[in-house]
Amino acid sequence: MKKPAADRILMFLKMRGEATSLLIAEELSVTKEGARKHLLNLAQEGLIQSTVKSEGVGRPSTYYTLTEKGLAQFPDTHADVTVQLLKSVKNLLGENALDLLISDREKNTHDRYEKALSKSKSIEQRLEVLAKVRSDEGYMAEWKKEGQEYFLIENHCPICAAATECQGFCRAELSNFQSLIGKDYTVERIDHIISGGQRCVYKISNL
């Protein structure tokens, strides 16, 4: 069953970060006026907001983005329980126990991803599999190539609350990506959700 137009718009904005009514109309295969009606309804519900940008010659363009309420439509997985557990581990067992917990998760994740990537030879194949695995886990991941550089993009973080409470999770993920992509490349996080970014973006460059 096809998702309602409102859900598709929210998903599109989550994936793109921002978009004009023309882009949204093309995504929905409706007229620009039809897209505007849906956008007006979403704005009235407090799910999206608009910003006018001047782009040189011609009229300024209106871009739509998700509000905090709109972003909340893509929930953090078991956020409250996870944060409470992390705080309990830290309070009862100390920082070292928390580091051990994250290290164990990092190793298990690495082993699982490495198995999934075992038949992938090229960087493109590895990124394709990695994006699929991460998407299956709720990260809404994709990859692209620009010039000689690759970008792994995660449009959602299903463990955002846990990562905000303990940034060791983010350090572990970056370490895993570096190991899995291989020694011929360097992996750098250039955008970060918990630092206020719309998404997490990893730039992968050839050494």
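The values are calculated or read from the model by the stated rules, or taken from the named source; none is laboratory data. On a predicted model such as this, the values are computed, not experimentally measured, just so you know. Virtual Cβ from ideal backbone geometry, glycine too; neighbours counted across all protein chains shown. Just the protein is used for accessible areas: all its heavy atoms, side chains included, with ligands, DNA and RNA removed. Shrake-Rupley method; radii C 1.70, N 1.55, O 1.52, S 1.80 Å.
Observations on the structure shown:
- Of all residues in segment 107-150 being of a type in the set (Phe, Trp, Tyr), open to solvent by less than 30 Å² (accessible area, probe 1.4 Å) and in contact with a helix residue (DSSP H, G or I) (Cβ under 8 Å, 6 or more places away or on another chain), the one that is nearest to Phe74 (Cα to Cα): Tyr113
- Scanning segment 148-162 for residues that are over 15 Å from Val201 (Cβ atoms) and over 12 Å from the mean Cα position of the chain (by Cα) yields Gln148, Ala161, Ala162.
- Subset of segment 185-207 [at pLDDT below 95 and of a type in the set (Gly, Ala, Ser)]: Ser195, Gly196, Gly197
- Subset tally (residues that are assigned to a helix (DSSP H, G or I) and in contact (Cβ under 8 Å) with a residue 24 or more places away in the chain) for segment 1-34: 9
- Strands (runs of 3 or more DSSP E) fully within segment 101-207 counting 2 or more residues that are in contact with a Cys (Cβ under 9 Å, 6 or more places away or on another chain): 149-154, 185-191
- Taken over segment 41-58, the residue count meeting the criterion of being among the charged types (D, E, K, R) and closer than 13 Å to Ile24 by Cβ is 0.
- Residue check for Lys14: at negative phi and crowded, with 18+ Cβ neighbours inside 10 Å: yes
- Annotation: Gly147 fulfils all but one of (1) in contact with a strand residue (DSSP E or B) (Cβ under 9 Å, 6 or more places away or on another chain); (2) at positive phi; the unmet one is (1).
- Filter result for Val83 (at pLDDT below 85, within 27 Å of Leu152 (Cβ to Cβ) and in a helix (DSSP H, G or I)): yes
- Some residue of segment 52-64 being free of Cβ contacts under 8 Å to residues at least 24 places away in the same chain, in a helix (DSSP H, G or I) and either open to solvent by 100 Å² or more (accessible area, probe 1.4 Å) or farther than 30 Å from Ser175 by Cβ (or both): no
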